[in-house]
Amino acid sequence: MAKMRGGLIQVGLKADTSDSPAKIRDAMLAAHRPLIEKAGRGGVQVLCFQEVFTQPYFCPSQDVKWYAAAESIPGPTTEEMQAAAKKHQMVIVVPIYEADPVAGVYYNTAAVIDADGSYLGKYRKTHIPQVAGFWEKFFFKPGASRWPVFQTRYCKLGVYICYDRHFPEGWRALALNGAQYIVNPSATVAGLSEYLWKLEQPAAAAANGCWIGAINRVGREQPWNIGEFYGQSYFVNPRGQIEAIASRDSDELLVHDMDMDMVTEVRNLWQFFRDRRPDAYGRLTDAE
């Protein structure tokens, strides 16, 4: 049985939102470093953080102050994570706010670092919400990453970010591109969609015969009154069963050993990829 040890880190905000993005970044990195070290000592092979992990979830505002939180990839945060990945021989997925070389263009992005510290590439969030309290189009341009799957030392890895999870097409595209394990770094609060947290990703894992790591924040981020980030990061297997789940309200490193043989076993048994009918799905790509 081929095992792969995954790690998911959920952390509450460690600075005041009135502080500068640079100060907040420093505080959030300081909070993550001990957990990254713990993951390394514990033999974690693939580690992922929450969405835009160095900052608050600033999208309840429409304040241009937060543009200063964006950084290049590669850049300071990814370079620090490259050193950590090399030190611990650990793949690290690094979700940050990305500044494009074109001035005034920003993305919600996750960089992927291999276990030798090399930068493999990035995924940019594809689906961008724009509803009260979640003014993401003010901050992020939709990505067009064409569903990259990264051949890391330990697995074929895909990334799907937060609101993306509501759209089944991307999960399927990543799986068809070879993903065995997909991480979904998120920032999601209690309310109408909380029940979906333990519904959509298990369904996606079962439909695509892959492991999924779902990561969420914890706590409240003032002065924005959009609710409580309810944590509960988890690992779900290719049969759609949640095997390990973190607390609702605490900073935590969740570690779990995934049986990667299950990917092939489930896909061979259920044969969803063989039996799909792309010739009949033209309606799915109609613009109207």
Q. Which condition number in (1) free of Cβ contacts under 8 Å to residues at least 12 places away in the same chain; (2) in contact with an Asp or Glu (Cβ under 6 Å, 6 or more places away or on another chain) is the one that Gly170 fails?
A. (1)
**Q.** Unmet criterion (only one of (1) of a type in the set (Ser, Thr, Tyr); (2) farther than 21 Å from Gly12 by Cα; (3) at pLDDT below 95) for Ser193
**A.** (2)
Q) Of the residues Asp275, Asp249, Asp259, which single one is under 18 Å from Ile9 (Cβ atoms), modelled with pLDDT of 95 or more and acidic (Asp, Glu)? A) Asp249
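One line per residue, one yes/no per condition, for (1) closer than 23 Å to Val46 by Cα; (2) of a type outside the set (Ser, Thr, Tyr):
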residue	(1), (2)
Ser72	yes, no
Thr77	yes, no
Met81	yes, yes
Ala85	yes, yes
Gln89	yes, yes
Val93	yes, yes
Ile96	yes, yes
Gly104	no, yes
Q. Going through region 66-125 one residue at a time, which ones are free of Cβ contacts under 8 Å to residues at least 24 places away in the same chain and hydrophobic (A, V, I, L, M, F, W, C)?
A. Val102, Ala103
Q: Kindly list, by first and then second residue, each pair from a residue in region 14-42 that is under 22 Å from Gln62 (Cβ atoms) to a residue that is in a helix (DSSP H, G or I) and among the polar types (S, T, N, Q), limited to pairs with Cβ atoms under 9 Å and residues at least 6 apart or on different chains.
A: Arg25/Thr77
Q: Would you point out the residue of region 131-158, among those that are in a strand (DSSP E or B) and modelled with pLDDT under 95, that is nearest to Tyr181 (Cα to Cα)?
A: Phe134
Q.
Looking at region 46-62, I want the residues that are within 18 Å of Tyr181 (Cβ to Cβ) and at pLDDT 95 or above and have a partner that is outside any loop (DSSP other than H, G, I, E, B) and of a type in the set (S, T, N, Q) with Cβ atoms under 9 Å, at least 6 apart or on another chain. Which pairs are those?
A. Cys48/Asn184; Phe49/Gln10; Gln50/Gln10; Glu51/Asn108; Glu51/Asn184
Q: Among the strands (runs of 3 or more DSSP E) lying completely within region 25-122, list those that include at least 1 residues that are under 23 Å from Phe229 (Cβ atoms), touching an Asp or Glu at 6+ places or on another chain (Cβ under 6 Å) and of a type outside the set (Lys, Arg).
A: 91-99, 106-113
Q: Could you please give the count of residues in region 220-243 that are within 16 Å of Asp261 (Cβ to Cβ) and out of contact with any helix residue (DSSP H, G or I) (no Cβ under 9 Å at 6 or more places or on another chain)?
A: 2
Q: Select from region 82-113 the residues that are under 22 Å from Asp19 (Cβ atoms) and of a type outside the set (D, E, K, R) and write down the one among them that is surrounded by the fewest Cβ atoms within 10 Å (Cβ to Cβ).
A: Tyr106
(Q) Taking the conditions exactly as written (acidic (Asp, Glu), under 15 Å from the mean Cα position of the chain (by Cα) and farther than 30 Å from Ala15 by Cα), does Glu243 satisfy them or not? (A) no
Q) Among (1) closer than 30 Å to Gln62 by Cβ; (2) assigned to a helix (DSSP H, G or I), where does Ala203 come up short? A) (1)
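The values are calculated or read from the model by the stated rules, or taken from the named source; none is laboratory data. Computed from a predicted structure; not experimentally measured. Neighbour counts run over all protein chains shown; Cβ positions are idealised from the backbone, glycine included.
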